[in-house]
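Asker: Below is the structure I would like to discuss, written out as structure tokens.
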There are 2 protein chains.
Amino acid sequence: MSTIGDVAREAGVSRSTASYALSGKRPISDEVRRRVLAAAEALAYTPNAGARALATSETMVLGLLAQFHEDEFAPAMLQYILGVTDTARDLGYDTLLVTEADGARALRRITDSRMVDGVVLMNIAQEDPRLPILRAAPQPGALVGLPGDCSGLDVFDLDFEEAGRVMVDHLHRLGHRELVLISQPDHVVERGGAYVWRLRDAALERARLLGVTLHAVYGESRQPAVGRLLNGVLDAHPSATGLLINNEAVAAALPSVTYQRGLRVPEDLSVIGRYSAEFAATFSLPYSFIESAPDRLGSMAVRQLVRRVESPAARNEPFVVRFISPELVSLKSTAPPRPR
Amino acid sequence: MSTIGDVAREAGVSRSTASYALSGKRPISDEVRRRVLAAAEALAYTPNAGARALATSETMVLGLLAQFHEDEFAPAMLQYILGVTDTARDLGYDTLLVTEADGARALRRITDSRMVDGVVLMNIAQEDPRLPILRAAPQPGALVGLPGDCSGLDVFDLDFEEAGRVMVDHLHRLGHRELVLISQPDHVVERGGAYVWRLRDAALERARLLGVTLHAVYGESRQPAVGRLLNGVLDAHPSATGLLINNEAVAAALPSVTYQRGLRVPEDLSVIGRYSAEFAATFSLPYSFIESAPDRLGSMAVRQLVRRVESPAARNEPFVVRFISPELVSLKSTAPPRPR
DNA sequence: GCAATGTATCGAACCGGTTCGACGATTGGA
DNA sequence: TCCAATCGTCGAACCGGTTCGATACATTGC
């Protein structure tokens with residue numbers, strides 16, 4: 001491989017002149033610039049990333065910490081990841097994907113060694129052990145997901161509270177008075193997945209205000225437990241007329257259960273999910289849903305991160321906590337209730 | 001952040017001595033080693049990745065080129081990715097995930113700039129424009145998927161030909177004489193997805209030998225087209241008693257279609273898929289399937305890649321093309337045929 | 001006609017590691 | 001007692017970029 005020294009020699013100038021001609025950071029005569037560019041072209045010169053990182057303290061790489069837990073629905077994660085990698089590339093960055101189980105250690109490794117200019121954290125827990133490390137790190141970071149303590153961090157998440165209220169309001173307006181909300185499995189909550197109770201508590205509160213009965217149950221995330229759970233829930237609450245689903249795996253499993261039981265949606269049962277349009281299309285889910293906008297969230301996180309990485313001024317701006325408002329996309333899976 | 005110079009000063013030795021004490025590449029007295037390690041600990045010293053890469057020409061990063069096409073089923077890809085990242089980490093490497101649409105340009109970028117020590121390529125096409133670049137690159141590479149020309153490359157893939165034969169054999173043995181094989185969409189083949197016709201042609205050949213009628217149809221990968229397609233296929237071939245599915249999206253969509261049509265599996269229809277156990281569990285697919293072993297393939301590719309990266313001897317070994325033999329996992333979705 | 005200004009280029013230092021060759025101090029053998 | 005070998009450490013060079021300060025030369029102003 002050729003170095004900038006080779007290019008300089010080929011063009012008959014010094015290394016520094018070659019560097020300036022390529023970067024444009026100092027005025028260079030047209031003649032010399034032309035020669036340097038031609039030499040670089042001829043030698044297929046590409047700057048060495050390590051050397052450049054050493055000299056400039058910029059790697060043009062962002063870290064992406066994502067975790068794939070047994071009890072979470074992996075396909076839903078993928079869209080967040082693609083939102084991040086696509087936007088990063090648009091802004092000129094590559095993405096180091098880290099899926100290590102010990103996220104704290106991984107974070108320390110990639111920040112301390114200066115492999116990355118910034119990091120995006122996903123699967124944020126209420127008390128996330130990675131956050132103290134991120135706050136102390138020299139690089140900026142952005143979160144997709146809401147932790148207990150947002151201080152010193154840029155945070156992006158869906159407004160799950162509002163999502164819970166929108167779901168309840170919508171079915172209440174149609175006349176429903178008894179609903180079931182299926183959340184994520186227990187472990188997700190125990191691990192600190194706050195979005196589960198954020199949506200649930202807001203939904204319960206709104207239901208209470210409206211005089212609607214809301215049964216909140218935990219879900220499952222793997223088959224065949226999901227199917228059993230769904231059947232159990234429908235058996236246990238025969239008079240419930242609406243189903244709210246804050247759990248991708250349950251949503252994906254629902255169609256076969258309703259077919260099996262001969263339930264029609266929305267005639268016999270109204271259903272609202274919470275996932276992305278992409279997810280709905282992939283799994284052909286015929287339910288109205290709250291758009292969870294994973295690509296938008298990933299993209300927003302990266303944009304803010306890159307702002308801070310690239311501008312010293314931006315690094316001192318106050319931190320932001322930004323919620324995407326839930327949008328209810330209607331696929332006509334809700335209707336006025338009818339006793340089952 | 002502290003540098004090795006800081007550590008050396010703190011320990012009262014030269015930078016080179018500190019380096020040797022930490023790496024163990026030259027004998028160092030116990031006393032000095034102790035002081036250096038203590039200093040490194042006290043200063044929370046972590047080597048700068050860029051500097052080390054520059055000095056050693058090793059980045060401890062592997063590139064992973066994956067593409068997410070509109071007409072492919074994204075969740076299936078995820079498992080290959082995790083197979084790669086997990087194994088890479090076990091071997092001490094981080095993973096640069098590149099999902100850029102222009103894979104050839106991306107590959108050139110990360111190899112020329114020496115950001116990675118090696119690359120894993122996925123979504124291999126018959127005539128893949130990335131392969132000439134990979135062959136010319138200074139870093140070794142490994143492929144998950146079989147291209148038209150394997151020369152100069154390590155290649156890992158499922159034995160799709162054998163998979164096609166196993167499917168046909170299995171149903172033939174049960175007494176089936178008319179089958180339908182649903183493949184990937186047209187575009188996948190046009191783009192060079194050889195695995196589609198590798199399985200299909202082998203299945204057709206075996207069916208011909210056995211005197212079995214095999215209707216080979218293209219699939220779809222997005223809803224609602226998938227559902228329409230499935231219904232169309234079942235309408236068009238009312239006397240077919242077995243379904244072979246080489247298409248994750250179609251497999252995922254099949255349960256709701258069979259429920260809708262009141263078809264029982266395996267009583268009315270025998271079904272065999274081709275996907276991973278993980279995929280089957282995630283989507284609660286009740287069909288016997290050929291295990292496509294994405295995690296194993298990703299892992300094998302990385303192991304071979306790292307061997308070549310780390311050992312100059314291994315770099316000169318002959319290239320390997322290794323096929324995983326298809327294993328039929330029975331979930332009892334096949335039975336002797338009965339006219340529909 | 002000469003100082004002041006501006007423009008294009010060069011040399012050297014630096015980023016933070018690793019590694020090679022040399023050197024002084026100890027040890028062992030003759 | 002002297003020399004060779006061994007061990008532990010140091011200084012310097014190097015990896016391949018970027019950037020600062022200096023310099024040479026051309027241009028402008030008075």
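The values are calculated or read from the model by the stated rules, or taken from the named source; none is laboratory data. It should be emphasised that the depicted structure is a prediction, and the values quoted were computed from it without experimental measurement. No Cβ is skipped: glycine too gets one built from the backbone with ideal geometry, and neighbour counts run over all protein chains shown.
Asker: Would you mind telling me which numbered condition in (1) closer than 26 Å to A:Ala251 by Cα; (2) β-branched (Val, Ile, Thr); (3) surrounded by fewer than 16 Cβ atoms within 10 Å (Cβ to Cβ) B:Ile245 fails?
Answerer: Answer for B:Ile245: the failing condition is (3).
Asker: Starting from region B:186-197, take each residue that is free of Cβ contacts under 8 Å to residues at least 24 places away in the same chain and list its partners that are of a type in the set (A, V, I, L, M) and surrounded by 17 or more Cβ atoms within 10 Å (Cβ to Cβ), counting only C-beta distances under 8 angstrom and pairs at least six apart or across chains.
Answerer: The qualifying pairs are B:Trp197/B:Val189.
Asker: Given the structure, is B:Arg52 more than 18 Å from A:Met115 (Cβ to Cβ) and within 16 Å of DNA strand D (Cβ to nearest atom)?
Answerer: No.
Asker: If I ask for residues that are more than 19 Å from B:Arg198 (Cβ to Cβ) and without any contact (Cβ under 8 Å) to a residue 24 or more places away in the chain, which ones from region B:113-145 would you list? Before you say what the answer is, go through the steps one by one.
Answerer: Filtering region B:113-145 down to residues more than 19 Å from B:Arg198 (Cβ to Cβ) leaves B:113-120, B:129-130, B:132-142.
Once the filter is applied, which keeps residues that are more than 19 Å from B:Arg198 (Cβ to Cβ) and without any contact (Cβ under 8 Å) to a residue 24 or more places away in the chain, region B:113-145 yields B:Ser113, B:Pro132, B:Arg135, B:Ala136.
Asker: Could you check region B:23-49 and list, in sequence order, the residues that are surrounded by 14 or more Cβ atoms within 10 Å (Cβ to Cβ) and in contact (Cβ under 8 Å) with a residue 12 or more places away in the chain? Let's see the steps before the verdict.
Answerer: Narrowing region B:23-49 to residues surrounded by 14 or more Cβ atoms within 10 Å (Cβ to Cβ): B:28, B:32-33, B:35-37, B:39-40, B:43, B:45-49.
B:Val32, B:Arg33, B:Arg35, B:Val36, B:Leu37, B:Ala39, B:Ala40, B:Leu43, B:Tyr45, B:Thr46, B:Pro47, B:Asn48 - these are the residues of region B:23-49 that are surrounded by 14 or more Cβ atoms within 10 Å (Cβ to Cβ) and in contact (Cβ under 8 Å) with a residue 12 or more places away in the chain.
Asker: May I ask you to list the residues in region B:68-81 that are surrounded by fewer than 19 Cβ atoms within 10 Å (Cβ to Cβ) and within 11 Å of chain A (Cβ to nearest Cβ)?
Answerer: Of the residues in region B:68-81, the ones surrounded by fewer than 19 Cβ atoms within 10 Å (Cβ to Cβ) are B:68-71.
Scanning region B:68-81 gives B:Phe68, B:Glu70.
Asker: Here's something else I'd like to know. I'm trying to understand the selection: among the residues of region B:287-311, which are surrounded by fewer than 14 Cβ atoms within 10 Å (Cβ to Cβ) and under 13 Å from the mean Cα position of the chain (by Cα)?
Answerer: Narrowing region B:287-311 to residues surrounded by fewer than 14 Cβ atoms within 10 Å (Cβ to Cβ): B:311.
Correct list: empty.
Asker: Let me ask another. Would you be able to tell me the number of residues in region B:184-201 that are of a type in the set (D, E, K, R), at pLDDT below 95 and under 29 Å from B:Phe319 (Cβ atoms)? Write out each step before concluding.
Answerer: Step one: of region B:184-201, the residues of a type in the set (D, E, K, R) are B:186, B:190-191, B:198, B:200-201.
Then drop every residue that is not at pLDDT below 95, which leaves B:186, B:190-191.
Filter once more, so that each one left must be under 29 Å from B:Phe319 (Cβ atoms): B:190-191.
So the count comes out to 2.
Asker: I've got another one for you. Go through region A:3-22 and give me each residue that's closer than 26 Å to B:Ala137 by Cα and either surrounded by fewer than 17 Cβ atoms within 10 Å (Cβ to Cβ) or more than 7 Å from DNA strand D (Cβ to nearest atom) (or both). Walk me through it before giving the result.
Answerer: Going residue by residue through region A:3-22, those that are closer than 26 Å to B:Ala137 by Cα are A:3-11, A:15, A:18-19, A:22.
Result: A:Thr3, A:Gly5, A:Asp6, A:Val7, A:Ala8, A:Arg9, A:Glu10, A:Ala11, A:Arg15, A:Ala18.
Asker: Kindly provide the set of residues from region A:247-289 that are among the hydroxyl-bearing types (Ser, Thr, Tyr), out of contact with any Asp or Glu (no Cβ under 9 Å at 6 or more places or on another chain), over 21 Å from A:His215 (Cβ atoms) and part of a loop (DSSP other than H, G, I, E, B), ordered by number. Reasoning before the result, please.
Answerer: Step one: of region A:247-289, the residues among the hydroxyl-bearing types (Ser, Thr, Tyr) are A:256, A:258-259, A:270, A:275-276, A:282, A:284, A:287-288.
If we keep only those that are out of contact with any Asp or Glu (no Cβ under 9 Å at 6 or more places or on another chain) too, we end up with A:256, A:259, A:270, A:282, A:284, A:287-288.
This time we only want the ones that are over 21 Å from A:His215 (Cβ atoms), so: A:256, A:259, A:282, A:284.
A:Ser284, the sole residue that qualifies.
Asker: A further question follows. Which residue, of B:Ala203, B:Ala249, B:Ala314, is touching a residue at least 12 places away in the same chain (Cβ under 8 Å), within 26 Å of the chain's Cα centre (by Cα) and more than 14 Å from chain A (Cβ to nearest Cβ)?
Answerer: Values: B:Ala249 fails: more than 14 Å from chain A (Cβ to nearest Cβ); B:Ala314 fails: touching a residue at least 12 places away in the same chain (Cβ under 8 Å).
Every option except B:Ala203 fails the conditions.
Asker: Restricting to region B:264-299, name every residue that is closer than 22 Å to B:Arg173 by Cβ, within 13 Å of chain A (Cβ to nearest Cβ) and out of contact with any Ser or Thr (no Cβ under 7 Å at 6 or more places or on another chain).
Answerer: B:Arg264
Asker: Filter region B:23-59 for residues that are within 9 Å of DNA strand C (Cβ to nearest atom), under 28 Å from B:Gln139 (Cβ atoms) and more than 14 Å from every other protein chain (Cβ to nearest Cβ) and give the result.
Answerer: B:Ser23, B:Lys25
Asker: Could I ask something else about it? I'm told A:Arg108 meets every condition in (1) over 26 Å from B:Ala40 (Cβ atoms); (2) within 10 Å of another protein chain (Cβ to nearest Cβ); (3) in contact (Cβ under 8 Å) with a residue 12 or more places away in the chain except one. Can you identify the failing condition by its number?
Answerer: (1)
Asker: Still on this structure, please answer the following. How about region A:86-105: which of its residues are farther than 12 Å from A:Val302 by Cα and more than 8 Å from every other protein chain (Cβ to nearest Cβ)? Spell out how you get there, then give the answer.
Answerer: Our first condition is that a residue be farther than 12 Å from A:Val302 by Cα; within region A:86-105, this holds for A:96-105.
A:Ala101, A:Asp102, A:Gly103, A:Ala104, A:Arg105, listed by residue number.
Asker: Can you tell which of B:Leu174, B:Leu158, B:Leu143, B:Leu181 is modelled with pLDDT of 95 or more and surrounded by fewer than 21 Cβ atoms within 10 Å (Cβ to Cβ)?
Answerer: On the way: B:Leu158 fails: surrounded by fewer than 21 Cβ atoms within 10 Å (Cβ to Cβ); B:Leu143 fails: surrounded by fewer than 21 Cβ atoms within 10 Å (Cβ to Cβ); B:Leu181 fails: surrounded by fewer than 21 Cβ atoms within 10 Å (Cβ to Cβ).
Selected residue: B:Leu174, the only one of B:Leu174, B:Leu158, B:Leu143, B:Leu181 that is modelled with pLDDT of 95 or more and surrounded by fewer than 21 Cβ atoms within 10 Å (Cβ to Cβ).
Asker: Which of (1) touching a Phe, Trp or Tyr at 6+ places or on another chain (Cβ under 9 Å); (2) within 16 Å of DNA strand C (Cβ to nearest atom) is the odd one out, the single condition B:Pro75 does not satisfy?
Answerer: In the conditions (1) touching a Phe, Trp or Tyr at 6+ places or on another chain (Cβ under 9 Å); (2) within 16 Å of DNA strand C (Cβ to nearest atom), B:Pro75 misses (2) alone.
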